[in-house]
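Report on one structure; see the data block that follows.
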Amino acid sequence: MMKSAKKKHLEVNGWRVGSTTDFLNMTEEPAYIEFELALSKGLQQFKDDKSVFIENKDMLRDGGVFSDCPIGWGPLVRQLFKDIREVCKRHESALPTVVQIKSKFGRLCFYLDHDNLLHKESAVAVAKLIDEAEKKSGTICEITGLTGFRHTKDGWYATLSENKAKELGYTKAP
């Protein structure tokens with residue numbers, strides 16, 4: 001935030017002081033950019049936690065599947081990996097390959113390559129686990145991991161805590 005004395009000094013000398021949004025003549029984009037910046041901080045923290053990759057490297061394709069997985073859902077994703085391993089062990093099935101994990105319309109999307117799941121029982125059980133985790137993500141803030149609700153801003157959806165939604169200018173989605 002610019003000090004008022006500096007702002008006044010600039011304006012007296014012919015400069016116009018405003019926001020980046022004003023300068024770039026932006027309309028809807030700031031909401032998306034603000035959300036992405038907040039989320040990227042959390043994503044970097046999640047990426048920096050190498051243990052999730054080490055623990056599950058045998059299930060990951062190309063090692064980049066977490067690129068869009070919000071930090072707030074880290075514990076949920078860890079538990080999902082653990083539960084999938086347990087199901088596969090119980091059914092003596094090979095582990096599936098995780099293709100991508102991301103947020104879409106404010107909910108977790110967890111994509112697998114099911115080719116390794118040789119038993120119908122394990123495929124059904126894993127699909128149920130994923131469905132439950134995806135639904136649960138709608139109650140967890142993508143950024144903080146606290147209780148969250150679906151919010152919207154300028155057509156963008158996110159599951160956010162009340163405080164984070166207020167901070168980022170989001171309102172509760174219908």
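The values are calculated or read from the model by the stated rules, or taken from the named source; none is laboratory data. These figures come from a predicted structure and were not determined experimentally. Glycine gets a Cβ as well: all are built from the backbone with ideal geometry, and neighbour counts include every protein chain shown.
In the range 86-106, what count of residues is obtained for those that are more than 9 Å from residue 122 (Cβ to Cβ), of a type in the set (D, E, K, R) and touching a residue at least 12 places away in the same chain (Cβ under 8 Å)?
Going through the range 86-106 one residue at a time, the tally reaches 1.
Mind listing just one residue for me: the one in the range 95-110 that is out of contact with any helix residue (DSSP H, G or I) (no Cβ under 8 Å at 6 or more places or on another chain) and closer than 15 Å to residue 80 by Cα and, of those, surrounded by the fewest Cβ atoms within 10 Å (Cβ to Cβ)?
From the range 95-110, those out of contact with any helix residue (DSSP H, G or I) (no Cβ under 8 Å at 6 or more places or on another chain) are 99-100, 102, 104-105; that's our starting set.
From what is left, the residues that are closer than 15 Å to residue 80 by Cα are 99-100, 102.
Numbers: 99: 14, 100: 16, 102: 16.
Restricting to residues being out of contact with any helix residue (DSSP H, G or I) (no Cβ under 8 Å at 6 or more places or on another chain) and closer than 15 Å to residue 80 by Cα, the top hit is 99.
Give the residue, chosen from 62, 154, 83, that is surrounded by fewer than 17 Cβ atoms within 10 Å (Cβ to Cβ) and modelled with pLDDT of 85 or more. It would help to see each step written out before you state the result.
Details: 62 fails: modelled with pLDDT of 85 or more; 83 fails: surrounded by fewer than 17 Cβ atoms within 10 Å (Cβ to Cβ).
Every option except 154 fails the conditions.
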